[in-house]
Ligand SMILES: [Zn+2]
């Protein structure tokens, strides 16, 4: 297929106006001037913007059930930690996931992934963390694996997040963490996760709880991601740097010293502006993160509690509006840096690279963060195959 393009943003150098792309066998075979093979199909998008496919590097998309009532309560004044203490929050989603079959979870997740594709997303990280016992975490990861087999949804990167919340009935976080650690062997053996995540914060797990789980993950060859500093800096970012984590996510509370340590460790900072907006929080110290030289990733955090959206473009718009990122930063954060944080070779367009790309019904990359709440993706290709809209 030959795509005639109005403006091409490759996320690897300057944008190119009035160009063309040759896509063959799932890859970008040529950009710009090339001898067009006579039998190729030519698609005229000479009025449109083309970017790499968006990569959502932090989602909890494998949930089921509704938490709309809890959302209404919170909007009426109850805070997140109070709702969690009353058995709402993550535990409410846990009950729904435990009650669902793997088929039901797969169906709901696949539909959600298709909607994400319709908004320009070609790769998604999906966490477990709503099972919170061995059988249910395994079931959730199995559903993620089944959805990932489909070719009509974004590529899926699975992450095990056993340390998401303390399940009811458990009173000791250290003991629960030991259980989680013992589940890792089977998860790694069955290739059900590429990363292990831990929610380390004031009213979540401590670095002492998380360390043995994450160290075991590393021994098994799994990458590390961490929910860090969302409500307070309790040492999560420092641990992430020490363990060479692929990403630290949230970072509303982080010190300059830790930001530099993260940079030195090659860890990327994943910003989740929808969550901080929902919770009415102040933005992370973006200037400090920039100064430390950290690559800034932007992700949706898609989940039924704190980020009730499936839209990475909405997160990009909020990163610009609320966090002060430039459009270029937001786009790099939702493509190239996001892909790098997940160990993917997508997220940028170059000859020989995967044809994961979006044709936008928009003239310029600045327009990407303007039309809030609607999808302006005209054509979404994953490995050269249309998956949206
Ligand atoms: Zn999260």
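The values are calculated or read from the model by the stated rules, or taken from the named source; none is laboratory data. Keep in mind that this is a model prediction, so the values were computed, not measured. Here the Cβ positions follow ideal geometry from the backbone for every residue, glycine too, while neighbour counts run over all protein chains shown.
Wholly within the stretch 1-119, which strands (runs of 3 or more DSSP E) include no fewer than the required count, namely at least 3 residues that are farther than 24 Å from residue 198 by Cβ? Quick ask: steps written out before the conclusion?
Numbers: elements: 2-8, 16-24, 27-31, 42-52, 54-56.
In the stretch 1-119, 2-8, 16-24, 27-31, 42-52 are the strands (runs of 3 or more DSSP E) which contain 3 or more residues that are farther than 24 Å from residue 198 by Cβ.
Scan the stretch 235-266 residue by residue and report those that are away from the ligand (no atom under 16 Å from the Cβ), under 19 Å from residue 286 (Cα atoms) and in contact with a strand residue (DSSP E or B) (Cβ under 7 Å, 6 or more places away or on another chain).
262
Here are 117, 148: which of them is free of Cβ contacts under 8 Å to residues at least 24 places away in the same chain, buried (at least 18 other Cβ atoms within 10 Å of the Cβ) and more than 16 Å from the ligand (Cβ to nearest atom)?
Result: 148 is the single residue among 117, 148 that is free of Cβ contacts under 8 Å to residues at least 24 places away in the same chain, buried (at least 18 other Cβ atoms within 10 Å of the Cβ) and more than 16 Å from the ligand (Cβ to nearest atom).
Each row is one residue, and each column tells you yes or no for (1) within 19 Å of the chain's Cα centre (by Cα); (2) over 22 Å from residue 334 (Cα atoms).
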site: 65; (1), (2): no, yes
site: 68; (1), (2): no, yes
site: 78; (1), (2): no, yes
site: 81; (1), (2): no, yes
site: 87; (1), (2): no, yes
site: 112; (1), (2): yes, no
site: 134; (1), (2): no, yes
site: 142; (1), (2): yes, yes
site: 154; (1), (2): yes, no
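Condition check ((1) closer than 30 Å to residue 1 by Cα; (2) under 18 Å from the mean Cα position of the chain (by Cα); (3) in a strand (DSSP E or B)) across all residues:
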residue	(1), (2), (3)
282	no, no, no
309	no, yes, no
320	no, yes, no
325	no, yes, no
338	yes, yes, no
344	yes, yes, no
349	yes, no, no
362	yes, no, no
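From the list 240, 264, pick out the single residue that is in contact with a helix residue (DSSP H, G or I) (Cβ under 8 Å, 6 or more places away or on another chain) and farther than 19 Å from residue 127 by Cα. Before you say what the answer is, go through the steps one by one.
Numbers: 240 fails: farther than 19 Å from residue 127 by Cα.
Exactly one residue qualifies, and that residue is 264.
List the residue pairs whose Cβ atoms are under 7 Å apart, where the first residue sits in the stretch 255-282 and is over 22 Å from residue 332 (Cβ atoms), the second is within 14 Å of the ligand (Cβ to nearest atom) and assigned to a helix (DSSP H, G or I), and the two are 6 or more positions apart or on different chains.
As it stands, the answer is 279/80, since those pairs meet every condition given.
Quick check on my filter: what residues within the stretch 120-140 are within 22 Å of residue 339 (Cβ to Cβ) and either more than 16 Å from the ligand (Cβ to nearest atom) or in a helix (DSSP H, G or I) (or both)?
120, 121, 122, 123, listed by residue number.
Here are some conditions: (1) in contact with a helix residue (DSSP H, G or I) (Cβ under 6 Å, 6 or more places away or on another chain); (2) more than 16 Å from the ligand (Cβ to nearest atom); (3) under 30 Å from residue 136 (Cβ atoms). Residue 89 meets all but one. Which one does it not meet?
Answer for residue 89: the failing condition is (2).
Select, from 274, 297, the only residue that is in a strand (DSSP E or B), modelled with pLDDT of 95 or more, within 16 Å of the ligand (Cβ to nearest atom) and in contact with a strand residue (DSSP E or B) (Cβ under 8 Å, 6 or more places away or on another chain).
297 is the lone residue from the list that is in a strand (DSSP E or B), modelled with pLDDT of 95 or more, within 16 Å of the ligand (Cβ to nearest atom) and in contact with a strand residue (DSSP E or B) (Cβ under 8 Å, 6 or more places away or on another chain).
Just checking, which of 174, 202, 225 is within 16 Å of the ligand (Cβ to nearest atom), under 26 Å from residue 251 (Cβ atoms) and loosely packed, with under 15 Cβ neighbours inside 10 Å?
None of the other options fit; the residue is 202.
Are any of the residues in the stretch 96-109 crowded, with 21+ Cβ neighbours inside 10 Å, without any contact (Cβ under 8 Å) to a residue 40 or more places away in the chain and more than 16 Å from the ligand (Cβ to nearest atom)?
The answer is yes; a qualifying residue exists.
With (1) in contact with a helix residue (DSSP H, G or I) (Cβ under 9 Å, 6 or more places away or on another chain); (2) part of a loop (DSSP other than H, G, I, E, B) as the list, and residue 169 as the residue in question, which single condition is left unmet?
Looking at each condition in turn, residue 169 falls short on (1).
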